[in-house]
């Protein structure tokens, strides 16, 4: 089956009709997280599901839902055109509509198929066509989501399923079915011929007593042997089970030690980070005022301030001196203007003055001083001056030239600042040093955080590689180890004992069977003996053929897987793949070197190429079995690969003659741009998947995947 | 080589069987070749493969068994 074309319409982020044409080699779809890689893969999974109708509303494009007018309907559809003994089409779809309450209703699920018969296109039920051309057993080994699901043998029944489906083992079932199942023809024939032989022997009267003894011994031995074989089977299964569990623990032992080391490093790194962070003091706004850092940025203004204060101060002093001079001059002028020095206001006294005014006669001069004369007025004025001088003296409030003390404050401030000038001059250095110190500590913290992030990432990878074990489970993995060792030891001891018993009983049985056969020689029962012996040997030959068939299948699988492993690992150690089958039919894929040394923990990239090699080998064998090739579809299979390894890996796959569809975020640079150099070096078809811009980070209905062919 | 021929080859390749009854598996690449063999065991194996023909039906088992027994009865030495 080769996919020729896929159309996805209104499936989640695939808004409208999106059609991609496929070729029969490698096709790579490049997209970042959320660009629609997994959605494409899931659209195919939805199409390939032939078991149920799925009309889940969540499958519908949100953008289409938003645009859909009331009472109108649209279609969600995924269809595939493929070549499988002629061109065929499968198409799955359903309708959806919006009602008056804006609710979406789904209906009209269809799963259609078409195949060409001559020039005519004939309709057929899609599921039936798909099951016929791309049967479930094949699909199981064709679609893989994520790197961790590549190990097809994670499922214990997978190997048996693979062998039963793709080796010829099923064809043996009517002939031989196994030790504990006698439903096959050779068991039936051996039993019937034995009974016929025994009947013939019993009818021979000559050896009847001996026949009876031997027959009874043989029956008993067969019963014992059957019991031993049952117990052996059970003990072998137990030994395998405990061995598997111990292997798992052995794997997780290393993981557990790694986890412990990671956790210890994380603890130390976090303590170091806390210590470093304590040294960081970034209270710059406080230092700006408290430590006067603010002056560091205003030195010219500060200088201007000091100059202005100095200027004001000088001006003030000058004005004050001029004021003083002016006052002195005024007083001197007054003295000069009066010419004589007046008597004290107390001479004559108040009573004498009042008497003289009353008598209108000046007793100092000895002449009249009538009212209205100058002499009289002089006396009145003199008395008034006297009375005034005797009043409490009201101090004349002198108007100050500089009534406020602002300038003094400014001078003080300037003087204080001048005192710290040296410090202020160094302020820039102090600020720079402090910031540099903090930045250096922050850089240290960031480096420590980077190390923490790396360790956290390592921890996540470690847990992811341990089949989803939680951290706690991994740490507690050893709890049952002693019991399991004991149980495994007991089962293995029992197996050794029972194998010995089985061998002894088998020999005993063969000895008595030979005696029994010898008894028949020359008798009428001899032909029956020969027939039974022949059919017994034929039964064993069928048994061995069935086992050889399985072995051949596994050798073939291993051989092909190793051929792919060699091709996929360029310039690096890769080892030898071994598919180890246990007694209960489960299998595991292991890696060994040429000296049969088991490689217990291959790195994730090597593991991935190992699993992919097995998948390619399975694909080859299924193709051989069905005379048809099948596509392999991988979603993000190479997450753990280095960019170079990934690039080489894709180049090798493009040379393998197989349709391979890979969804990946490789070939994108850190900022999400295409790495054109790497793309140019690839020899395959490449599509770019990305979100149609613009879109809202918070609104699903704005998300639409855009597909662009970037290399053909 | 069809599946029956593959099965025939695998069964006839059993060393115990071919050494005891003295035949070479490579001489019988097809069921048709085996049915025409002079070795009764080779013919019996071919008759079993052809007779059962992938069926688990008891009546077919009985029929095939009788045919093989009758054949061996007449030809086994």
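The values are calculated or read from the model by the stated rules, or taken from the named source; none is laboratory data. Model, not experiment: these values are computed from the prediction. Cβ placement follows ideal geometry from the backbone for every residue including glycine, while neighbour counts extend to all protein chains displayed.
Residues in region B:30-57 that are more than 9 Å from chain A (Cβ to nearest Cβ) and surrounded by 14 or more Cβ atoms within 10 Å (Cβ to Cβ): B:30, B:31, B:33, B:34, B:35, B:37, B:39, B:42, B:43, B:46, B:47, B:50. A count restricted to region A:153-206 and to residues that are facing chain B (nearest Cβ under 8 Å) and within 49 Å of the chain's Cα centre (by Cα) stands at 4.
Of all residues assigned to region A:428-438, at least one qualifies as being within 30 Å of residue A:313 (Cβ to Cβ), modelled with pLDDT under 85 and part of a helix (DSSP H, G or I).
With region A:591-697 as the region, which helices (runs of 4 or more DSSP H) entirely inside it contain at least 2 residues that are at pLDDT 85 or above, crowded, with 16+ Cβ neighbours inside 10 Å and in contact with a helix residue (DSSP H, G or I) (Cβ under 8 Å, 6 or more places away or on another chain)?
So the answer is A:604-626.
A quick yes/no check of all residues on (1) in the same structural domain as residue A:668 (by TED's automatic domain parsing); (2) part of a helix (DSSP H, G or I); (3) within 22 Å of residue A:129 (Cα to Cα):
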{"position": "A:29", "(1), (2), (3)": "yes, no, no"}
{"position": "A:47", "(1), (2), (3)": "yes, yes, yes"}
{"position": "A:71", "(1), (2), (3)": "yes, no, no"}
{"position": "A:76", "(1), (2), (3)": "yes, no, yes"}
{"position": "A:85", "(1), (2), (3)": "yes, no, yes"}
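Exactly one residue out of A:191, A:176 is without any contact (Cβ under 8 Å) to a residue 60 or more places away in the chain and either surrounded by 15 or more Cβ atoms within 10 Å (Cβ to Cβ) or under 22 Å from residue B:48 (Cβ atoms) (or both): that is A:191.
Against the numbered list (1) within 13 Å of chain B (Cβ to nearest Cβ); (2) crowded, with 17+ Cβ neighbours inside 10 Å, residue A:560 comes up short only at (1). Taking the listed residues A:74, A:62, A:87, the one that is on the phi < 0 side of the Ramachandran plot and surrounded by fewer than 16 Cβ atoms within 10 Å (Cβ to Cβ) is A:87, with no other qualifying.
For region B:62-77, the set of residues classified as at the interface with chain A (Cβ under 7 Å from one of its Cβ atoms) and more than 14 Å from the chain's Cα centre (by Cα) consists of B:73 only. Out of A:525, A:541, one residue alone is free of Cβ contacts under 8 Å to residues at least 60 places away in the same chain and within 14 Å of chain B (Cβ to nearest Cβ). It is A:541.
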